[in-house]
Each structure stands twice: as C-alpha cells, then as structure tokens.
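Below is one structure, written out as structure tokens, with a few remarks after it.
The values are calculated or read from the model by the stated rules, or taken from the named source; none is laboratory data. Quantities reported herein were computed from a predicted structural model and do not represent experimental measurements. Cβ coordinates were reconstructed from backbone atoms using ideal geometry, including for glycine residues, and neighbour counts include every protein chain displayed. When the accessible area is computed, the model is the full protein with side chains, heavy atoms only, and any ligands, DNA or RNA have been set aside. Shrake-Rupley method; radii C 1.70, N 1.55, O 1.52, S 1.80 Å.
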Amino acid sequence: MFLTFITFLPIIGAILLAFFPKENEGAIKQTALAVAAADFLLSLYLWTNFDNSTHKMQFGLNIPWIESWGINYHIGLDGISLLLYVMTTFLTMICIIASWDVKKHIREYMMAMLALSTGMLGVFISLDLFMFYVFWEFQLVPMYIIVGVWGGPRRIYAAVKFFIYTALGSLLMLVAIIWIYFHIKETTGVATADILFITDHLSSTVPLGTQKWLWAAFFLAFAIKVPMFPFHTWLPDAHVEAPTAGSVILAGVLLKMGTYGFLRFNLPFFPQASYEFVDMVAVLSIIGIAYGALVAMVQEDLKKLVAYSSVSHLGFVMLGIFALNEYGIQGALIQNINHGISTGALFLLVGVIYDRRHTRMIKEFGGLSKQMPVYAICFMIAALSSIGLPGMNGFVGEFLVLLGTFQGIGFLYAACATSGVILAACYILWMFQRVMFLELSNPKNM
C-alpha cells in the first residue's frame, strides 16, 4: 500500500487544490510544493529499502480490479523502474519550485503538474498491461494542458502536435495489447493481462512473423515517445513552446517512458523479433545521434538547441538497449538518469535568463560570466555533464553504451556513435562561449 500512496499522493493534492480559492495564490503554491516534497521524501524510503540482491519486483501489490477480464491492480518496482520513479518525484518538486512565478491560472497549473506526476509514476509501477495503458494515456492530458495553456506564442500548435503524435502511436500499441490478451487466454487458458505472466509465456507461443508485427506496434508507440529519428519532429516544438517546468519534466521523465517501454516490453515480450531488428534500431539511433547534434549546432535559440541535444542523447540510450548485452543496457539505464538531470538543469538555466530578458536568442547575450559569475559556473557544470566529460555523470553512461555497442553490435556502429560525443562538445562549448565569454556589449545584459 505504501507504493500506492506515494503514486497517488500528487493527484490527491491536486484534488485538494481544487477547493482552494483561486485568489489565495500563496497557499496554493505552498500546498503544491509541500505535496511534491513529501512525495519525493517518501520515495527515498523505497530507494533506501530496495534489495539490490534480487531481480524480483519489490513493494508489490496485486489485487483484482476487473475480475471478469482478469485485469488486476498489480504494481511493483525493480531495478529498471526504481531510479526513474525516484527521479520523477524529485523533478516534480523541482518543477513546482521553478514555477513559483507563474502568472495566470496558478491553481489550475499546480493541479496539472501534480496530476501529471501521478500519471508518470503510474507508468513505472504498472505490472498489468491494461493498467499500464491507462496511465500511459492519462499523462498525455495534463502535459497537453500545460503546453497549451501556459506555453509560448505557438503553444496550441505544439500541444496538438504532441498529442496527435503520441496518441496515434499509442492506439497501435493498444491493438497489440488486446491481441496479446486474447492470445494468452487462448494458449494458457488464463484470462490475464499480468506483465510478468505474459513475459514468461508469450514468446514461446508466438511465431516470429507475428512477433515482428507486435514488436512494431509497441516500437512505434515508444519510438515516438523517446523520440527516435524520424519520429522526433514533435519534440522541438513542444520543448520550445512549453513553460520552463514543462520542458524540464518533458526531457527528464516523459522521454524516459519510451526507453522504459523498450526495456519492459519489446525486449522481454519479443526477444527473437528484437534480435532481428537490432541493425535497424542501431542505424536509426546513430542517425539520431548525429542528426540531433548537427541540427543543434546551427540553432540560434538556446531552448531549441537543448531540445535537439535530447534527440542526440536519447540515441545513445536506444543504442545501448539494443546492444543486447549487460554493458549496453546498464549504460542505457544510467544515461536515462544522467540525461534527465543534466538536460533538466540546462532547461532550468535557460529559463532563468529568459525570465529576465524575455529572449532565448544566443546573439542577444554575451559576456554573462562577468555579470552573473555564479550562474555561469552552474551553467558550465550542466553543460560539461551534457557533453559527457570524464568525471561528470554523463561520461559513465555514454562510455558503457559505446563499450556495449562495440561488443554487441560491432566496431563500425560504435565508431559512428562516437561522433556524437565530438559533435556534442562542438555545439555545447560553442554555445557556452557565445553566451558567457564574448564581449558584454548589450546594455540589456548589464
């Protein structure tokens, strides 16, 4: 029950906020922050009491939900989902702090942020396919509202594009889920949507040709969410138009739901099909790594540069997953967390100067290190982390991914992927130089 309480505490807080007078802005913000902070602190209990010696699900609960269909409220955490779960509670708290200066509809904004948190947390704990799908779709709604109401000038376009892309991919996944449900019922005689049960029985009863079609349905839903090249086109618009906190939670958690899906479903459900598609995924990942870096290099908008860097960095995560070995998958898991921290930090730092200057154009800045030395140091740490400098958190994940790629897929793939590390240094350091170390000539920056 403790895991359930942590997961649903944010939406309970959102419901509570609905009864606050909208004029009482201070109490609304403080209550939202208190709920998010409590949720984060409670999630640390899961981390500190997690047993690393077993691969089994922990903190589990399995009770009937829709008994006639064999659908249960089945939840639990393992090593794949634990850190993503804790990072979600942490970033939700940070995002509420970063939203302290929101000017309009504050009550509704805080309610949307808290409801979004429950949706994301539910995805990582669900051990029933239909329950997973409910949470997967639920989190779209508050994110759509956050972008569409509190976003930039083109917020409606960005919100609708985000919703259509992700919803269409999810519909194909729903078709595959229904097929799997009836197939398991027919072959085992058990009406169940239990993910652990399906993992044990599905691959041995489905021919390779059918596996490939099912794999593709899940792939499309998760590839759009990651987003992989060429399904990435919704991401820059959503990032640029979203408010600062929306960009942080989008990069830090929502994109990770796609990579989590590959680890939780595509690989264990369809191991043979996953092996057959390794080359395709590896090629798309490497294209994404190079393409995202090259496009980031020519951006004049700071936020759009960071957005395209996510396309590049998530390419490393996907490459590690489909290396299909311990080094690659461990590197992908680590890089998932690293990206959420470093890219989330970059979006927050960009938001700081946007709130003061109301522009994100690189050419509008220059010499900020003279005017804001502490800010420049924080920006430098986040930037070097994003590059993957040895000694920073980004290095560990990328190194393991490249090592796993070399051993699992081949030298050529690893060598091509390494170009992303070099290109990341180019666009990040060039951006940092132009913003922080050129002449402080613009009087608006003084």
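If you go through region 7-66 and pick out every residue that is open to solvent by 60 Å² or more (accessible area, probe 1.4 Å) and basic (Lys, Arg), you end up with 2. For region 198-250, the candidate set comprises residues that are in contact with a Ser or Thr (Cβ under 8 Å, 6 or more places away or on another chain) and free of Cβ contacts under 8 Å to residues at least 40 places away in the same chain; within that set, the residue that is nearest to Thr359 (Cα to Cα) is His201. If the condition is being under 28 Å from Ile353 (Cβ atoms), of a type in the set (D, E, K, R) and part of a helix (DSSP H, G or I), then region 287-327 contributes Lys303, Lys304.
Residues in region 216-269 that are at pLDDT 90 or above, aromatic (Phe, Trp, Tyr) and either open to solvent by 10 Å² or more (accessible area, probe 1.4 Å) or more than 21 Å from Ile125 (Cα to Cα) (or both): 1 in all.
Within region 147-183, the set of residues being assigned to a helix (DSSP H, G or I), small (Gly, Ala, Ser) and surrounded by 15 or more Cβ atoms within 10 Å (Cβ to Cβ) comprises Gly148, Ala158, Ala159, Gly169, Ser170, Ala176.
Does Thr31 qualify as being under 23 Å from the mean Cα position of the chain (by Cα), of a type in the set (S, T, N, Q) and either farther than 24 Å from Arg264 by Cβ or assigned to a helix (DSSP H, G or I) (or both)? It is false that Thr31 is under 23 Å from the mean Cα position of the chain (by Cα), of a type in the set (S, T, N, Q) and either farther than 24 Å from Arg264 by Cβ or assigned to a helix (DSSP H, G or I) (or both).
Of all residues in region 91-106, count the ones that are surrounded by fewer than 21 Cβ atoms within 10 Å (Cβ to Cβ) and either out of contact with any Leu (no Cβ under 9 Å at 6 or more places or on another chain) or not in a helix (DSSP H, G or I) (or both). Total meeting the criteria: 6. Whenever a residue of region 39-57 is outside any loop (DSSP other than H, G, I, E, B), its partners that are at pLDDT 90 or above and loosely packed, with under 12 Cβ neighbours inside 10 Å, lying with C-beta atoms within less than 9 angstrom and at least six residues away or across chains, give the pairs Leu42/Phe5. When Thr405 is tested against (1) modelled with pLDDT under 90; (2) more than 17 Å from Leu305 (Cβ to Cβ); (3) in a helix (DSSP H, G or I), only condition (1) is not met. Cβ-Cβ distances below 6 Å connect no pair with a first residue in region 86-109 that is on the phi > 0 side of the Ramachandran plot, a second residue that is surrounded by fewer than 22 Cβ atoms within 10 Å (Cβ to Cβ) and among the hydrophobic types (A, V, I, L, M, F, W, C), and a separation of six or more residues or different chains. Scanning region 352-369 turns up no residue that is under 17 Å from Ala425 (Cβ atoms) and crowded, with 21+ Cβ neighbours inside 10 Å.
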